[in-house]
Each structure stands twice: as C-alpha cells, then as structure tokens.
1. Throw me the Rg/Rh for the chain, computed over C-alpha atoms with Kirkwood Rh, two decimals.
2. Counting only DSSP beta bridges with both residues in the chain, what percent are antiparallel, rounded to the nearest 5?
3. Of E285, E52, E312, which is the most mobile in a GNM of the chain whose springs link Cα atoms less than 10 angstrom apart?
4. How do the peptides 208-217, 28-37 rank, highest first, by the average count of neighbouring beta carbon atoms within 10 Å per residue?
5. Any idea which of C107, V53, V91 is furthest toward the positive side of the dipole for the chain, if Lys and Arg beta-carbons carry +1 and Asp and Glu beta-carbons -1?
6. Taking every pair of alpha-carbon atoms in the stretch 9-111, give the share separated by more than 19 Å as a whole percent.
7. By how many nm would the segment from D61 to E223 lengthen if fully extended, with 0.36 nm per residue of separation less the alpha-carbon distance?
8. In debye, nearest 20: dipole of the chain around its Cα centre with unit charges on the Cβ of K, R (+) and D, E (-)?
Amino acid sequence: MSDSLQSTDEQAEQPPETPLDTARYQLDKAASLIEVDENIIERLSHPTSVHEVTVPLKRDDGTVDVFSGYRAQHDSVRGPYKGGLRYHPHVDREEVIGLSMWMTWKCAVVDLPFGGAKGGINVDPKALSDGEIERLTRRFTNELRNVIGPQTDIPAPDMGTNAQTMAWIMDTYSIQEAETAPAVVTGKPIAVGGSEGRQEAPGRSVAIISRELLEYYDRPLSETTVAVQGFGSVGANAARLLEEWGATVVAVSDVNGAAYDLTGLDTSGIPSHDQEPEAVTEYAEDTISNAALLELDVDLLVPAALGNVITEGNADDIRADFVVEGANGPTTFTADSILTDRGIHVVPDILANAGGVTVSYFEWVQDINHRTWSLDRVNEELEAVMIDAWDAVRREVENRGVTWREAAYIVGVSRIAAAHESRGLWP
Ligand code: NAD
C-alpha cells in the first residue's frame, strides 16, 4: 500500500463513505434545497434494476474460476443508461448501485440525454493473463446481452478496464447481434468507432472548470499555483492544459509520491500513467509525499487519483483556496463541510470531470450517425457543453447562495425530477 493511502486511512476517524452513502446523502441534500415531489425523490433513491451474473472463466492452466459480475441501472428517464464497467476486487452490488446513481446526476448536470448505470466484475485483473481477461470479458458480455445495447445501456471503461476491453465487448455483442454495433460501448479504440479526444476529455473538462472558477473569483491563471494528485488520464491532461493556459503547476503525483517545484514543473516532460506508469518521481529533482501535496499552500488543488483522500483527518490542513475534484468522490461529506466552513470553494466531480462522459456521448452520436468528428470539433463541442453546465451551476450558486457542490446537485436533480414529472409513473 502506498504512503498516501496509509496516511489517509490512518487520518480518517470514520470508515470511508461508500458511493451509495454519498449518492443518497447528496440526493437528500439537493431535495431539501429545491421544490420537488418527494415521491420522485423516493423513486430516485433506488435503482431501476441490478443485474447479477455468474461469469465462469477457463484459466490458462485449464481450471475454471467463477466470478460475480454486476450491472446496476439506476434511472433512464432522460435517455439510455450510461456508465463504466470496472474490474476490481472491491466491486459488489452496493458499490455499483451507488456509482450508477452518481452517473445519473453527472449526465444530468451536463445535460446529456443519458441516465446512470455502473457495473463490473469482482476480480483482480492484474492476476489474469490478457487471454484470460479477453475470455472473461466476452463471457460477461454474453451474460449481459439482453441488458446492454446502443439504445438501452451503453458501458464504458472504468477502473481495471480500457479501450481494448470495450473492443472485445463491441465485437462479442456485434457477433451475437449479427451486425456491427459500435454504439454499444464508448471509450473504444478509434479503429472501431472510438472518438478523438475521449482519453483527454475528463482532464480537459477539469481544466475548463478550473479556468472558469478562477476567472469567476478574479484570479488570473497566470498568477495561479496548482497541485494535482494523480498523473493519469484525468490528472496529467488537466495539469498540462492548465500549464499551457498560463498556470504554474508546482506538484503532480502518482502512487509513489509527488514531483515538486515551487517555480513550476514542465508537465509535458513528466510521463503520464499511460506513457510510463508510476514514473513521476523518477523525473523529479525534488519529491514530496502525496499527503504533503494535498496540504500545499497553492491556489488550486486538483485531487485526480482516488476517492476519499480529503477527509475529516486532513481537511483542516488543506491550504488551497480552491479544490476542483478530478477523481470521483475525493472529498468525504465531513471534510466537505469543514472546507466550506473554512471558505474553501470546492467544485464537485459530477461537474468537473463530466468531460469524460460528454465525449462518450459524442462517440455514441458519431457511431449511431456513422460519422466521425475531428479533434477540433470534439474539443469545441466539449467546451460548449462544459460552459453551459458551468453557467447553469453558477446561476444556482448566485441565486440560492449555496455551495458549488449543492448547486451542481440542484441542477442535476432538478432536470431529472422535471423529466419524471413530465413522463409520470406508469401504470
Ligand atoms: P489513471 O489510471 O489513468 O491514473 C490514475 C493516477 O492516480 C495514476 O497516476 C496513479 O499512479 C495515481 N494513483 C493511484 N493511486 C494513488 C495514490 N494512492 N496516491 C496518489 N496517486 C495515486 O486513472 P484516471 O482515469 O486518471 O482516473 C483517476 C480518477 O478520475 C478516478 O477516480 C476515476 O474514477 C476518475 N475519473 C476518470 C474518468 C476517465 O474517463 N478516465 C472520468 C471521470 C472520472
């Protein structure tokens, strides 16, 4: 276990919140701030369905292991279910339900015509060969054949899965349907209908929202210092864009620790997780721990690695003026209220990293229309979606005097509730 994980766990005085705790807490919080039919909130507290399947795998040595797979579909009032598939030993029914609810809120904040889903297999993919992962994925796809589909439920990569996993799902589903069906998953390789700009999208949206937030508070990017925890798809892309736009990135980290330079790092010279996994500290002159990175006296802190890293144990020591959540759920609710009381502005994950699902939506639109968009077009459309979402959330902050997190949930839950109101409950 990494130093940062140990210290975070030691600091936490309560067990970490689960995604389901967070999803229900945020739903109730948003409901308490807006006029909304309580029967709709009751419906939104539960998933529409949770599919649990058994996935047998013939191992390379000929023995058979059996794994549990899940797909939770939370709400589809605004469009097909959308959300990732993760392969991780912690995956269980409750986790996927909670994460499917987060996806419903996230898609609504950026106004995509999708609902929320999440799934996965309770497995450690690092313990499997590539051939075993492919067989496991194809069998899992078969078990979900009647659950997923381009107009019903569209998976994407998540922890432990990647573009290759999506290609295997697309291939298996297409063979079974006797037609090429790229729109059944997003986050695919470009060769089979993936989109330009998908990989960079969550980091790009984190950078866009950070830029808007700083501008809102009259803090020019050229005078802003930034620390980013995690240097993967989200963290590296956010850090590099913020540096390109004039910010001084003083620290970036991976699981081994952080590269630190008070005068500003050259983030393009440090390999991202994709380019060379876990090598950040090898390219650094000075290093600090992940725990120290979170407590740096910077203007902007972007936690973009793991959930539950800002807790009751370290919230009093956070010195950034702004926190933009790149990871999903990096701040516990207790920590969130400590940061709010201390005047630190926190922009939540469901707005900041929603660029990922937004470009997934663009990928799906391209696939169903048999068209491809240029990278410039993807980035222009992403900018437009993120600015619209930012404006909607900002209006709630200004009109209701709520936090950025509360405002984002108000926007999301109001849109979902309005759709339920219009469609009604059948029969
Ligand atoms: P990634 O695998 O590309 O990179 C993760 C990075 O975090 C790596 O640099 C890794 O070394 C680092 N890390 C891992 N454990 C750490 C620890 N204990 N301390 C510090 N750093 C650690 O992952 P990603 O796709 O960038 O995802 C990061 C977070 O963003 C996750 O919470 C993910 O759920 C969320 N997210 C990802 C996407 C997406 O499309 N990639 C979209 C939305 C949200």
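1. Values: Rg = 20.7 Å, Rh = 21.8 Å.
Taking Rg over the Kirkwood Rh, I get 0.95.
2. Details: 23 of 48 bridges.
About 50 percent, rounded to the nearest 5.
3. Ranking E285, E52, E312 by mean-square fluctuation puts E285 first.
4. Values: 208-217: 20.0, 28-37: 16.0.
Result, highest mean Cβ count within 10 Å first: 208-217, 28-37.
5. Farthest towards the positive end: V53.
6. On the way: 2791 of 5253 pairs.
In whole percent, the long-distance tail amounts to 53.
7. On the way: separation 162, 0.36 × 162 = 58.32 nm, distance 5.84 nm.
Roughly 52.5 nm would be gained on extension.
8. On the way: 33 positive and 70 negative charges, 349 e Å.
Dipole magnitude for the chain comes out near 1680 debye.
Throughout, read-outs are computed from the coordinates displayed, never taken from laboratory work. Predicted model, so just to flag it, every value in this text is computed and none were measured. Positions of Cβ are backbone-derived with ideal geometry, glycine not excepted, and every protein chain shown enters the neighbour counts.
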